[in-house]
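Notes to accompany the following structure.
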Amino acid sequence: CHNRQFYFLVGCFECCIKCLGGIPYASLIATILLYAGVALFCGCGHEALSGTVNILQTYFEMTRAAGDVIDVFTMIDIFKYVIYGVAAAFFVYGILLMVEGFFTTGAIKDLYGDFKITTCGRCVSAWFIMLTYIFMLAWLGVTAFTSLPVYMYFNLWTICRNATIVDGANLCLDLRQYGIVTIGEEKKVCTSSESFIKMCDSNELNMTFHLFVVALAGAGAAVIAMVHYLMVLSANWAYVKDACRMQKYEDIKSKEEQELHDIHSTRSKERLNAYT
């Protein structure tokens, strides 16, 4: 009974080691980093946009334009829908890259025996490399774009800080400087106004600023994840390429051995016939 338990535990241990050996750890790390970055960017970015709407409506006294006019509030709504799409798309893309990583590990090769590298497999690997490179450039653009509201809120935070430090300073923030409103509209707040004091004292401004900072960090993490994926996919591509060459070499070698065996068999039969 003890021997059976021992062999059972040994078998379970070997099975666990085999399963752990089949995990593509590089792809797993990149996927975790990608999901973390996308979650931070989408979650914090969505809440920061909502906070921006409240700040514009409460302290800058801005209202939504009537009709089909595209204003800053319409653009914010569009950005929110883009965030929803980004979250769903990269959730699926992370799963696809993980599956690709599983099918290019040595454990999968041992599991299925003869691992046949097909033309379709090589095309899929090359397609993922190209797609990941495009996504990396896209996330670089997203990171640069996310830095704009961080810069705006940093300027606003700096004005609030200087207004409390320097007595009698009359500093103003005009939204026309950032293209949020048209030139004909004058939407600005100055340090002498009551709305500016309330905005600086509110927790909403500080929270929105830090949410944009975290969203920027999430976009940067997504860029790092894309670079990590590129390294993983390039290594997988090299593995697939070497495996394809090895497969061709084994096929040629087995064919030559078969031909030598056939020649040897034919000569043996000829000698036997000549002897008889």
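The values are calculated or read from the model by the stated rules, or taken from the named source; none is laboratory data. This structure is a prediction, so every number in the text was calculated from the model and none was measured. Cβ sites come from the backbone with ideal geometry, for glycine too, and all protein chains shown count toward neighbours. Please note that ligands, DNA and RNA were not included when accessible areas were found on the heavy atoms of the full protein model with its side chains. Shrake-Rupley method; radii C 1.70, N 1.55, O 1.52, S 1.80 Å.
Within region 191-222, the set of residues being surrounded by 19 or more Cβ atoms within 10 Å (Cβ to Cβ) and of a type in the set (Val, Ile, Thr) comprises THR191, THR208. Considering the conditions (1) modelled with pLDDT under 65; (2) in a helix (DSSP H, G or I); (3) open to solvent by 80 Å² or more (accessible area, probe 1.4 Å), ILE32 is excluded by exactly one of them, (1).
Assessment of region 80-93 against the conditions (in a loop (DSSP other than H, G, I, E, B), open to solvent by 70 Å² or more (accessible area, probe 1.4 Å) and out of contact with any His (no Cβ under 9 Å at 6 or more places or on another chain)) yields no matching residue.
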